[in-house]
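Each reported figure results from applying straightforward, stated rules to the coordinates on display, with no laboratory input. Keep in mind that what you see is a predicted model, and the values were worked out from it rather than measured. Cβ sites come from the backbone with ideal geometry, for glycine too, and all protein chains shown count toward neighbours.
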Amino acid sequence: MDTNFRFSNLQREYYHRQAKDYDGRRFWKLYCRQNRNHIKKIEKVLEIVKKEHPKSILEVGTGTGIHAEWFLRNYENNKFNFTGVDLSPDMLSVAKKRLQYFIDKGKAKLKVANALSLPFKNEAFDFVFCVATIHHLEYPETGIREMVRVLKSGHKLVVVEPNRLFPINLYAGLTNPIERNVLKLSKNNLYLWGKKYLDKVKVENLLYTPPYPAAFKGVFDRLDLLFSKVPLLNNFSIMLFMSGEKTSR
């Protein structure tokens with residue numbers, strides 16, 4: 001049995017068990033994934049989308065649809081189609097309920113798919129993005145290559161991933177088999193993977209402070225701005241944000 005099959009099964013089985021309560025399962029339901037940090041990530045993705053005006057959009061690793069819902073509710077351009085894929089049918093079942101309005105309107109569709117072998121033709125989408133998905137793949141670089149394959153030339157890919165230097169991410173990578181590939185997620189690695197298949201590659205640090213308590217949001221926002229300007233602290237962000245453009249090579 002190849003390692004990719006084993007790792008994919010490990011991921012699928014984990015999210016099968018977790019899907020139902022995934023968005024609010026921790027700290028006796030006091031923890032909710034619809035928080036400041038998730039919104040900050042998708043807002044950063046939207047900054048690029050609003051400049052590019054894509055008509056066909058693919059999210060790889062839709063999960064329970066939190067990022068997809070925020071994206072669909074806050075991207076004012078109605079002339080686009082959104083496709084979300086995920087390895088876990090259980091997670092997509094939750095996403096379907098969350099996105100039902102957009103699905104009924106024909107604005108969104110969901111599909112079970114492995115990110116290492118996307119079921120789409122070459123150059124099928126104007127914009128492709130994923131948030132915290134690459135590290136769930138046995139071969140993260142292959143995932144980037146596959147997303148580039150389905151991206152049209154002249155258009156952009158965005159990848160947002162945990163930074164292994166952030167202490168909680170490092171701990172998760174060392175202790176949780178599901179998160180082990182976080183240990184591969186350095187700023188340099190993400191840049192090199194992207195540079196193999198894309199031009200105009202940028203990798204930025206993103207987010208430094210926790211989402212809770214929610215009442216401290218203003219304080220956290222100011223601290224994030226401060227930390228981003230301090231070179232040493234900047235390296236220890238929670239997330240890494242990569243963008244690049246596919247060009248004919």
### Task
Give the relative contact order (percent, whole number) for region 3-245; include only Cα pairs under 8 Å separated by 6+ residues.
18 percent
### Task
Enumerate the helices in the chain for which the Kyte-Doolittle hydropathy averages -1.0 or more and the C-alpha atoms extend at least 15 Å along the helix's axis, using complete DSSP H runs.
36-52, 217-228
#### Entry: Proximal charge balance of Asp86 [Cβ under 12 Å; K/R count +1, D/E count -1]
+1
### Message
If you take every DSSP beta bridge fully contained in the chain, what fraction is antiparallel? Give it as a percent rounded to 5.
### Response
40 percent
### Query
Taking a 29 Å limit on the Cα-Cα distance, which of the listed pairs Lys121/Lys200; Lys79/Lys217; Lys50/Lys196 fall beyond it?
Lys79/Lys217
### Query
If we count every other residue with Cβ under 13 angstrom of Asp224's Cβ, Lys/Arg +1 and Asp/Glu -1, where does the sum land?
+4
### Summary
One finds, for Asn234 and Lys121 with R0 = 41 angstrom and r their Cβ-Cβ distance, a FRET efficiency to the nearest 0.05 of 0.55
